[in-house]
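*Asks:* Pasting in a structure now, in structure tokens, and then I'll have a few things to ask.
The values are calculated or read from the model by the stated rules, or taken from the named source; none is laboratory data. Note that this is a predicted model, so its numbers are computed, not measured. Note: ideal-geometry Cβ built from the backbone for every residue, glycine included; neighbour counts use all protein chains shown. Only protein heavy atoms, including side chains, enter the accessible area calculation; ligands, DNA and RNA are left aside. Shrake-Rupley method; radii C 1.70, N 1.55, O 1.52, S 1.80 Å.
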Amino acid sequence: MTTVAFIGLGAMGYRMAAHLPQHFDSVLVWNRNVDKAKQHAAEFNTQAVTLAEAAQADIIFSCLPTSHQVDEIIHQVDIKSGAIWIDCTSGVPDIARTQATYLKSKNVSFLDAPVSGQTIGAENATLTFMVGGDAEVFDKALPAMQALGKLIKHVGGSGAGFAVKAVNNMLLAVHLCAAAEGFTTLKAHGVNLNEALDCINASSGKSGVTENVLSQRIFNRSFPNTFALLLLAKDTGIALDLVRDAKLSAPVIALSQSLIQAASATSDADSDFSAAVKMYESWSKITLE
Ligand code: NDP
């Protein structure tokens, strides 16, 4: 019998862990705010446990805001020898390598396995996993990730998964800034934004932002907080650090990182990532609706 634990029942983790009881006999959940774990147990037939108990599972998923919270927990508990730790946080590649080495000394395997697909992908078990770590560990952990995702790729050694995720989210940031600039310009010229969006989505300028974010979050002014702007700002910082570590020049990445940081610094702490466009709206006095 394989016991699986999930640590961190936030916007993503709560939904991801909900699928595990369909695939495993014993599913343990831990959350800092214990009430959320108890609610999860009642709703999905999981078991709310202490952190020490969760660390005794055969497979341990974590999904926390940053690698720092994961690191704290990894160093705080005794993890079962032979366990596999699958970290779905959008984390820092260097920290993944350090964690993998530390855990190896305890006979625990570590995969950096961040996900994309947002809360809806977590809810429907259609997430994309981009995974770094040993290939044999990836093969062993694959069925557990398949319970939560659709496209699951081993992209390289430790840290590679986090690197792919950081670059993906940097591209999201670039597209968000570019769309805010492009669509405020169109509105300044009296263009119908919805008609323009249809044209662009049938043309070469389309992106995930034009296909989903503009109509579902921005034009309807809903800005639902499913992925925090603060977290996107964190991801753009990780991507810029990767550029610097490689001693490359990436002006678009550097500028987008500054813009997203500025938007995050001037927004409410609980703002959705899509609310970054409000910075452009305040500059231009043009509302994207
Ligand atoms: P949330 O802010 O919704 O949840 C964060 C979780 O981490 C909560 O369970 C929270 O516990 C816990 N937590 C925070 N600080 C600590 C701490 N110091 N010690 C222990 N637990 C802590 O985040 P998301 O679920 O949105 O994001 C999680 C990760 O997934 C992030 O790295 C994010 O970038 C990434 N991600 C998010 C996506 C999204 O659409 N939301 C999509 C893809 C990736 P508590 O309930 O007690 O506050």
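*Asks:* Only one of these is free of Cβ contacts under 8 Å to residues at least 60 places away in the same chain and hydroxyl-bearing (Ser, Thr, Tyr): Ser90, Ser81, Ser67. Name it. Give the steps one after another, and end with the answer.
*Replies:* On the way: Ser90 fails: free of Cβ contacts under 8 Å to residues at least 60 places away in the same chain; Ser67 fails: free of Cβ contacts under 8 Å to residues at least 60 places away in the same chain.
Step by step, each of Ser90, Ser81, Ser67 is checked, and only Ser81 is free of Cβ contacts under 8 Å to residues at least 60 places away in the same chain and hydroxyl-bearing (Ser, Thr, Tyr).
*Asks:* Within segment 1-26, restricting attention to residues that are open to solvent by less than 10 Å² (accessible area, probe 1.4 Å) and either over 22 Å from the mean Cα position of the chain (by Cα) or hydrophobic (A, V, I, L, M, F, W, C) (or both), which residue is nearest to the ligand (Cβ to nearest atom)? Steps first, please.
*Replies:* In the first step, residues of segment 1-26 are kept if they are open to solvent by less than 10 Å² (accessible area, probe 1.4 Å); the result is 4-9, 13, 16-17, 20.
With the extra rule that they be either over 22 Å from the mean Cα position of the chain (by Cα) or hydrophobic (A, V, I, L, M, F, W, C) (or both), the set shrinks to 4-7, 9, 16-17, 20.
Numbers: Val4: 17, Ala5: 14, Phe6: 10, Ile7: 8, Leu9: 5, Met16: 9, Ala17: 10, Leu20: 16 Å.
Only one residue fits best here, namely Leu9.
*Asks:* With respect to Gly182, determine if the residue is in contact with a strand residue (DSSP E or B) (Cβ under 6 Å, 6 or more places away or on another chain), more than 15 Å from the ligand (Cβ to nearest atom) and free of Cβ contacts under 8 Å to residues at least 60 places away in the same chain.
*Replies:* No, not satisfied.
*Asks:* I've got another one for you. Grab the strands (runs of 3 or more DSSP E) fully contained in segment 92-171, keeping just those with 1 or more residues being more than 16 Å from the ligand (Cβ to nearest atom).
*Replies:* Values: elements: 109-112, 127-132, 149-156.
Ranges flagged: 109-112, 149-156.
*Asks:* Scan segment 108-126 and report the pairs whose first residue is over 17 Å from Val155 (Cβ atoms) and whose second residue is at pLDDT below 95 and open to solvent by less than 10 Å² (accessible area, probe 1.4 Å), with Cβ atoms within less than 7 Å and a gap of 6+ or a chain change.
*Replies:* Correct list of pairs: empty, since none qualify.
Results for (1) of a type in the set (Lys, Arg); (2) surrounded by fewer than 20 Cβ atoms within 10 Å (Cβ to Cβ); (3) without any contact (Cβ under 8 Å) to a residue 60 or more places away in the chain; (4) more than 21 Å from Gln257 (Cβ to Cβ), shown as yes or no for each residue.
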position: Ser158; (1), (2), (3), (4): no, no, no, yes
position: Leu171; (1), (2), (3), (4): no, yes, yes, no
position: Lys187; (1), (2), (3), (4): yes, yes, no, yes
position: Cys199; (1), (2), (3), (4): no, yes, yes, yes
position: Gly205; (1), (2), (3), (4): no, yes, yes, yes
position: Thr226; (1), (2), (3), (4): no, yes, no, yes
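*Asks:* Related question: Assess whether Leu288 counts as being out of contact with any His (no Cβ under 7 Å at 6 or more places or on another chain), part of a loop (DSSP other than H, G, I, E, B) and free of Cβ contacts under 8 Å to residues at least 60 places away in the same chain. Talk me through it step by step, then tell me what you get.
*Replies:* Numbers: out of contact with any His (no Cβ under 7 Å at 6 or more places or on another chain): yes; part of a loop (DSSP other than H, G, I, E, B): yes; free of Cβ contacts under 8 Å to residues at least 60 places away in the same chain: no.
So Leu288 fails the test.
*Asks:* Scan segment 127-152 for residues that are free of Cβ contacts under 8 Å to residues at least 12 places away in the same chain and more than 18 Å from Gly13 (Cβ to Cβ) and jot them down. I'd like the intermediate steps shown before the answer.
*Replies:* Filtering segment 127-152 for residues free of Cβ contacts under 8 Å to residues at least 12 places away in the same chain gives 136, 139, 142, 146.
Residues satisfying the conditions are Glu136, Asp139, Leu142.
*Asks:* Output the residues belonging to segment 10-19 that are in contact with a Cys (Cβ under 8 Å, 6 or more places away or on another chain) and assigned to a loop (DSSP other than H, G, I, E, B). Show your work before the answer.
*Replies:* Taking segment 10-19 first, the residues in contact with a Cys (Cβ under 8 Å, 6 or more places away or on another chain) are 10, 12-13, 16.
Hits for segment 10-19 are Gly10, Met12.
*Asks:* Name the residue that is most open to solvent (accessible area, probe 1.4 Å), counting only residues in segment 44-83 that are within 10 Å of the ligand (Cβ to nearest atom) and in a loop (DSSP other than H, G, I, E, B). Working first, answer last.
*Replies:* Within segment 44-83, the first condition is being within 10 Å of the ligand (Cβ to nearest atom), and the residues that meet it are 51, 62-70, 72-73, 76.
Narrowing further to those that are in a loop (DSSP other than H, G, I, E, B): 63-66.
Details: Cys63: 23, Leu64: 31, Pro65: 66, Thr66: 28 Å².
That would be Pro65.
*Asks:* Residues of segment 262-277 being over 16 Å from Ser90 (Cβ atoms) and not charged (D, E, K, R), which ones?
*Replies:* Result: Ala262, Ala263, Ala265, Thr266, Ser267, Ala269, Ser271, Ser274, Ala275, Ala276, Val277.
*Asks:* Does segment 262-281 contain any residue that is surrounded by 15 or more Cβ atoms within 10 Å (Cβ to Cβ), among the β-branched types (Val, Ile, Thr) and within 16 Å of the ligand (Cβ to nearest atom)?
*Replies:* Our first condition is that a residue be surrounded by 15 or more Cβ atoms within 10 Å (Cβ to Cβ); within segment 262-281, this holds for 263-264, 267, 271-281.
Right, trim to among the β-branched types (Val, Ile, Thr) and you get 277.
Now drop any that are not within 16 Å of the ligand (Cβ to nearest atom), which leaves none.
No, segment 262-281 has no match at all.
*Asks:* Could you list, in sequence order, the residues of segment 120-141 that are within 19 Å of Gln22 (Cβ to Cβ) and open to solvent by less than 40 Å² (accessible area, probe 1.4 Å)?
*Replies:* From segment 120-141, those within 19 Å of Gln22 (Cβ to Cβ) are 120-127, 129, 141; that's our starting set.
Once the filter is applied, which keeps residues that are within 19 Å of Gln22 (Cβ to Cβ) and open to solvent by less than 40 Å² (accessible area, probe 1.4 Å), segment 120-141 yields Gly121, Ala122, Ala125, Leu127, Phe129, Ala141.
*Asks:* Kindly indicate whether Ala41 is out of contact with any Ser or Thr (no Cβ under 8 Å at 6 or more places or on another chain) and open to solvent by less than 20 Å² (accessible area, probe 1.4 Å). Spell out how you get there, then give the answer.
*Replies:* Working: out of contact with any Ser or Thr (no Cβ under 8 Å at 6 or more places or on another chain): yes; open to solvent by less than 20 Å² (accessible area, probe 1.4 Å): no.
Here the answer is no, as Ala41 does not meet what is asked.
*Asks:* Out of (1) open to solvent by less than 10 Å² (accessible area, probe 1.4 Å); (2) in contact with a strand residue (DSSP E or B) (Cβ under 7 Å, 6 or more places away or on another chain), what's the single condition that is false for Ile218?
*Replies:* Result: Ile218 passes all but (2).
*Asks:* Taking Thr236, is it more than 21 Å from Pro93 (Cα to Cα) and at pLDDT 95 or above? Give the steps one after another, and end with the answer.
*Replies:* Working: more than 21 Å from Pro93 (Cα to Cα): no; at pLDDT 95 or above: yes.
So Thr236 fails the test.
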